[in-house]
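Participant: I'd like to ask some things about the structure below.
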Amino acid sequence: NLDPNEVLTISNDDVDWLRGSHSRLQVGASTTREEMLRLALMSSENRAASALSRYYPGGREAFVQAMNQKAALLGMSGTRYADSTGLSSTNVSTAEDLARLVRAAHQQYPKIREFSTTTSYVATINGRQLGFRNTNALVSNPGWNIGLSKTGYINEAGRCLVMQATLAGRAVVIVLL
């Protein structure tokens, strides 16, 4: 419930020095918290996720603590978060826990549903237009009715996908690790 219109700025602290992942958000890039959230969920923009945690009241440590508290509240006993981007191999979870997370996010958070299933988006960064695409190509496939989606990748885990979709008239949660 933080101000979605507050402007956040990418800093050197948001650069992924651990894995060297690519980002289209350059140091100094500024946009609203809402656009950072959309880019983190839709395009897996790690710098946006990092900036969101850095601007959280109490900073990154408080953000990760809040993530772990939310996981505990949802009954995700096999989940431990160490960072906001998902790039740390010390972030751990189970397929069952991720299914709980997807169900809760789909039922309770319309912005997560919307942002994670947006096929493409033009963000305003420092007054300039910059296009982004969803990392899950299935969201643009008209044959799929996807209600929530999030991709991820690190070497230790490989390509991962969590998704809520309606298949043959039935809502299902898919977790691929």
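The values are calculated or read from the model by the stated rules, or taken from the named source; none is laboratory data. Computed from a predicted model, the values in this text were never measured in an experiment. Counting neighbours? That spans all protein chains shown, and the Cβs are built from the backbone with ideal geometry, glycine included. Protein only, heavy atoms only, side chains kept; ligands, DNA and RNA dropped before computing areas. Shrake-Rupley method; radii C 1.70, N 1.55, O 1.52, S 1.80 Å.
Participant: Probe radius 1.4 Å, ligands and nucleic acids ignored: give me the carbon and sulfur share of the accessible area of the range 69-130 as a rounded percent.
Facilitator: 53
Participant: Next question, about the same structure. Using amide H atoms built 1.01 Å from N in the peptide plane, name the residues 5+ places from Ile125, or on other chains, whose amide H lies under 5 Å from its own.
Facilitator: Hits under the 5 Å cutoff: Leu130.
Participant: Still on this structure, please answer the following. Mind checking the per residue accessible area of the chain for me, 1.4 Å probe, whole number of Å²?
Facilitator: For the chain, the per-residue accessible area is 55 Å².
Participant: Okay, next question. At q = 0.18 Å⁻¹, work out log10 I(q)/I(0) for the range 27-171 with the Debye formula, treating every Cα as an identical point scatterer and leaving solvent out; two decimals please.
Facilitator: -1.17
Participant: Treating the range 1-88 as a set of equal point scatterers at the Cα positions, no solvent, please give the Debye-formula log₁₀ I(q)/I(0) at q = 0.10, 0.18 Å⁻¹.
Facilitator: -0.24, -0.78
Participant: Ignoring any ligand, DNA or RNA, what whole percent of the accessible area of the range 1-66 comes from carbon and sulfur when the probe is 1.4 angstrom?
Facilitator: Exposed carbon and sulfur together represent 50 percent of the surface.
Participant: Would you report the distance distribution of C-alpha pairs in the range 40-92 as whole percents per 10 angstrom bin, up to the bin with the largest distance?
Facilitator: The calculated distribution, bin by bin, is 26, 53, 21.
Participant: Choose one of Leu148, Val162, Ala123: the residue whose Cα lies farthest towards the positive end of the charge dipole of the range 93-170 (beta-carbon charges +1 Lys, Arg; -1 Asp, Glu; about the Cα centre).
Facilitator: Highest projection toward the positive end goes to Ala123.
Participant: Which order, highest average first, do 59-72, 109-122 follow once you tally other Cβ atoms within 10 Å for each residue and take the mean per peptide?
Facilitator: 109-122, 59-72
Participant: Along the principal axes of its C-alpha atoms, what lengths does the range 125-177 span, in descending order and rounded to whole Å?
Facilitator: 43, 31, 14
Participant: Measuring from centroid to centroid over Cα atoms, what is the spacing of the range 112-152 and the range 63-86 in Å?
Facilitator: 24
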